[in-house]
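One structure coming up, written as structure tokens, with questions to follow.
The values are calculated or read from the model by the stated rules, or taken from the named source; none is laboratory data. In this text the structure is predicted, and so the values were computed from the model without any measurement. Please note: Cβ atoms are built from the backbone with ideal geometry, for glycine as well, and neighbour counts cover all protein chains shown. When the accessible area is computed, the model is the full protein with side chains, heavy atoms only, and any ligands, DNA or RNA have been set aside. Shrake-Rupley method; radii C 1.70, N 1.55, O 1.52, S 1.80 Å.
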Amino acid sequence: MLFTTKPKTDKPEPDLDSSQFGHFGNLTRPYKDAERKDLDRERYLQTLTNYQRAPVRLLEEAVRIQASLNRLKMKPEKREQLTQTVLGQIYPVVAMWYEKFQAEQSSLPESNERRNALETSIKAVEQVAISYKLLFHADYSASPSSFARNQQQLYARGLRIIELLRLMQRLKALRYQKMSKTDWLDVNQVFFSMLLHNAVNDKLDLLGTVGARSRQNKSERSSTSKGSMQEIYLSIQLFGLLETNSWSTRLLHIPDAWLNTLGMESFRIVADTHAPLQPGNLITYLNNNSPPQFQRREDIKGPSILIDYTGLYNALVKEHENIGKMRFIGAVDPKKLTKPLQELNDEERLPVIESMLIALIQRSRQKKRHRVHTYDALRVYFGLNEVFRLLRDISSKDMQRIIDSRQFVDKLARQSSLLADDAKSHMNTQWAMINFSSGGLLIGTEETAFSTPIKIGQLVAFGPVDAELHRITLGYINRLHRTEDHRVEVAIVRLSSHAEAVVIQTEQDIQEKSGHTAILVKDLRGQWQLIVNTGLAVKSGDPLKLIRNDGSRLPVRLGEVWLVEKEFTIYELRSPGLR
């Protein structure tokens with residue numbers, strides 16, 4: 001057994017409390033007697049088959065059927081048969097929706113099709129998982145002899161719960177949502193209950209690998225794929241730890257791709273000896289309602305395990321250095337990269353590795369975060385073009401004319417939604433600050449079908465509603481989170497204390513008497529940087545002519561790339577004339 005209870009110094013170590021295992025806190029027990037028609041498998045199969053041409057309607061009907069079955073008393077064998085019937089009908093539909101929307105560029109607001117399909121998929125998977133929890137709870141025993149009699153079917157049902165919860169985790173990530181605390185508790189409950197009997201490593205046929213394998217490699221998504229409970233459990237832990245719900249949707253398979261390439265030794269479970277945690281170790285426990293943690297909490301009750309991630313971390317560091325060397329000589333050969341990186345675009349590889357490395361490092365907050373207790377409304381401008389227009393306008397000498405001409409645009413910048421049904425919805429869709437630090441801020445609003453388009457990696461400018469127009473700060477969106485109450489939280493990283501609209505010219509532009517718009521910024525360290533459109537054909541080391549608002553022309557040279565996003569790229573900037 002990999003875990004023990006917390007040792008006592010004054011008493012012998014107590015036995016594990018068997019009542020902790022095999023229970024699900026929010027599981028409603030069946031309470032209605034079933035009639036004969038309620039147990040008719042063919043009836044349910046025919047009903048669902050009728051909706052094959054209407055996939056969302058099929059899922060809605062499956063939710064209704066499965067929720068009804070979960071309330072009925074019946075023999076475990078019959079419950080499993082009926083649940084398998086529903087699952088067999090919904091899984092191909094859920095898989096279809098997942099692959100369709102993973103391939104699309106995700107942003108807010110959602111289309112009605114996307115929202116309905118994903119919300120209904122999550123509900124359908126959730127209801128089927130509840131049925132398997134009922135089955136698992138009914139037969140589970142912490143007693144070794146009682147467990148042995150039902151081990152085979154308990155393992156199969158427990159594996160299915162873990163697999164369905166992983167699928168829910170990936171579906172929610174498509175909507176910028178996290179697993180709920182209840183889901184985390186259920187994942188740990190099933191795994192620790194089986195780990196008590198050292199029954200977590202048998203490989204069985206999986207429903208599929210939707211959400212865990214690249215959609216480009218169809219051979220890896222075979223319906224006959226096998227997996228163990230421990231493999232799926234660790235997949236869930238890593239995905240949650242990396243906060244991949246904020247990644248580009250097309251990259252959601254990357255954590256599992258690393259585990260599949262390196263093997264499970266790179267991210268493995270080890271026994272918890274209750275010694276101080278060493279670098280490279282995480283801790284999780286039976287009643288943990290979140291991803292694994294970097295520090296041991298004093299109030300941990302019940303069994304716990306450690307996860308050693310040094311193998312994964314070292315492989316990421318090595319690959320980061322490898323790409324850096326290739327970039328230095330100007331020749332990145334994808335064939336010499338680790339398999340998970342080969343199918344990615346050049347601009348995606350380093351950011352993905354760096355995101356994973358940052359998440360795998362225990363971080364204490366360097367900048368104090370301040371909670372906002374009053375309603376602090378903001379103006380927020382989204383996108384490179386909109387930010388450039390704002391900076392260009394506020395550099396005008398005739399500010400009154402600019403204020404008058406921008407009146408409508410600046411009012412819209414206060415709202416996340418272009419339309420409102422009434423005064424209440426108008427207030428709810430205003431941008432409001434949730435908390436802030438010197439490094440950035442978290443803002444929130446209510447989501448509607450008319451919300452301003454928002455996506456991760458978007459350049460933004462923001463400032464208080466009641467402040468003068470020129471009092472704005474630049475940043476970019478690095479995280480989106482859709483809460484359960486139809487609200488959206490947007491995390492913004494602060495970029496600069498000074499920003500101005502400029503024009504830049506390459507040597508060819510000077511000859512052709514043309515130029516390109518850009519944004520000159522002074523970052524929080526006081527260093528000059530240049531923000532340009534990512535599609536602009538420039539690179540580090542290029543000499544440019546920079547034309548500022550006052551008409552002055554400065555020779556500058558592009559330094560190292562500081563940040564690459566789909567919309568914009570930030571270069572460090574060198575020039576003796578910049579003050």
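Rounded to the nearest 20 debye, what is the charge dipole size of the range 66-180 about its Cα centre when +1 sits on each Lys and Arg Cβ and -1 on each Asp and Glu Cβ?
340 debye
Would you mind pulling out the separation of the Cα centroids of the range 270-318 and the range 126-140, in Å?
Cα centroid of the range 270-318 versus Cα centroid of the range 126-140: 28 Å apart.
For the range 437-506, report the accessible area per residue in Å² (1.4 Å probe, heavy atoms, rounded to an integer). Don't jump to the answer; show the numbers that get you there.
Working: 2630 Å² over 70 residues.
Heavy-atom SASA per residue in the range 437-506 reads 38 Å².
Something else now. In whole percent, what relative contact order does the chain give with Cα contacts below 8 Å and a gap of six or more residues? Display every interim value, and only then the final one.
On the way: 959 pairs, mean separation 60.9, N = 579.
Value for the chain: 11 percent.
Filter the cross-link list Lys397/Lys513; Lys100/Lys325; Lys133/Lys172; Lys123/Lys226 down to pairs whose alpha-carbon distance in this structure exceeds 31 Å.
Lys100/Lys325
Could you give the length gained by full extension between Glu507 and Ser19, i.e. 0.36 nm per residue of separation minus their alpha carbon distance, to one decimal place?
Here the segment from Glu507 to Ser19 would lengthen by 168.1 nm.
Along the charge dipole of the chain, which of Gln151, His481, Gln127 sits closest to the positive end, that is, farthest toward it, with unit charges on the beta carbon of Lys, Arg, Asp and Glu (+1, +1, -1, -1)?
Gln151
If I stretch the segment between Ala103 and Leu45 completely, what's the gain in nm (0.36 nm per residue apart, minus their alpha carbon distance), one decimal? It would help to have the intermediate numbers written out before the result.
Working: separation 58, 0.36 × 58 = 20.88 nm, distance 3.06 nm.
Gain in length upon complete extension: 17.8 nm.
With a 1.4 Å probe and all protein chains left in place, how much of the accessible area of the chain comes from carbon and sulfur atoms, in whole percent?
For the chain, the apolar C and S fraction of the accessible surface comes to 49 percent.
Provide Trp562, Trp184 ordered by accessible surface of protein heavy atoms (probe 1.4 Å), highest first.
Sorted by accessible area, descending: Trp562, Trp184.
Starting from the Cα of Asn314, step 7 Å toward the Cβ, then list every residue of the range 330-345 with an amide N under 18 Å from that point.
338
Relative to the Cα centre, what is the charge dipole magnitude of the range 248-303, using +1 at the beta carbon of each Lys and Arg, -1 at the beta carbon of each Asp and Glu, and rounding to the nearest 20 debye?
With Lys and Arg at +1 and Asp and Glu at -1, about 80 debye.
A follow-up question, please. If the viscosity is 0.692 mPa s and the temperature 37 °C, what Stokes-Einstein diffusion coefficient in µm²/s follows for the range 289-335 when Rh is the Kirkwood radius over Cα pairs?
It comes out at roughly 232 µm²/s.
Now for a separate question. Please name which of Val532, Gln81, Val387 has its Cα lying farthest along the dipole of the chain towards the positive end, using unit charges on Cβ (Lys, Arg +1; Asp, Glu -1) and the Cα centre as origin.
In the chain, that residue is Gln81.
Then there is this: In debye to the nearest 20, how big a dipole does the chain give about its Cα centre with +1 on each Lys and Arg Cβ and -1 on each Asp and Glu Cβ?
Dipole magnitude for the chain comes out near 140 debye.
Here's another thing I want to ask about it. Among the aspartates and glutamates, select those whose C-alpha is under 12 Å from the C-alpha of Lys335, and discard any that sit fewer than 8 residues away in the same chain.
Counting by Cα, and skipping residues close in sequence, Lys335 has these aspartates and glutamates nearby: Glu343.
Tell me the chymotrypsin sites (Phe, Trp or Tyr not before Pro) within the range 254-341 that lie in a loop according to DSSP and have at most 14 other beta-carbon atoms within 10 Å. Can you show the working numbers first?
Numbers: sites: Trp258, Phe267, Tyr285, Phe294, Tyr309, Tyr313, Phe328; in loops: Phe267, Phe294, Tyr309.
Filter output for the range 254-341: empty list.
Filter the GluC sites (Glu not before Pro) in the range 297-330 to those in DSSP coil with at most 16 other Cβ atoms within 10 Å of their Cβ, and list the result.
Filter output for the range 297-330: Glu298.
Then there is this: Suppose each label sits 7 Å from its Cα in the direction of the beta carbon; what would the Glu265-Arg64 distance come out to in nanometres?
A separation of 5.4 nm, rounded to one decimal place.
Starting from the Kirkwood radius over alpha-carbon pairs of the chain, derive D by Stokes-Einstein at 25 °C in a medium of 0.890 mPa s and give it in µm² s⁻¹.
The estimated diffusion coefficient comes to 92 µm²/s.
Semi-axes, largest first, in whole Å: what does sqrt of 5 times each Cα gyration tensor eigenvalue give for the range 197-332?
Semi-axes (√(5λ), whole Å): 27, 22, 13.
Could you calculate the contour length gain from Val493 to Asn26, that is, 0.36 nm times the residue separation minus the distance between their Cα atoms, to one decimal place in nm? List each step's numbers first, then the result.
Numbers: separation 467, 0.36 × 467 = 168.12 nm, distance 3.73 nm.
Computed gain between Val493 and Asn26 is 164.4 nm.
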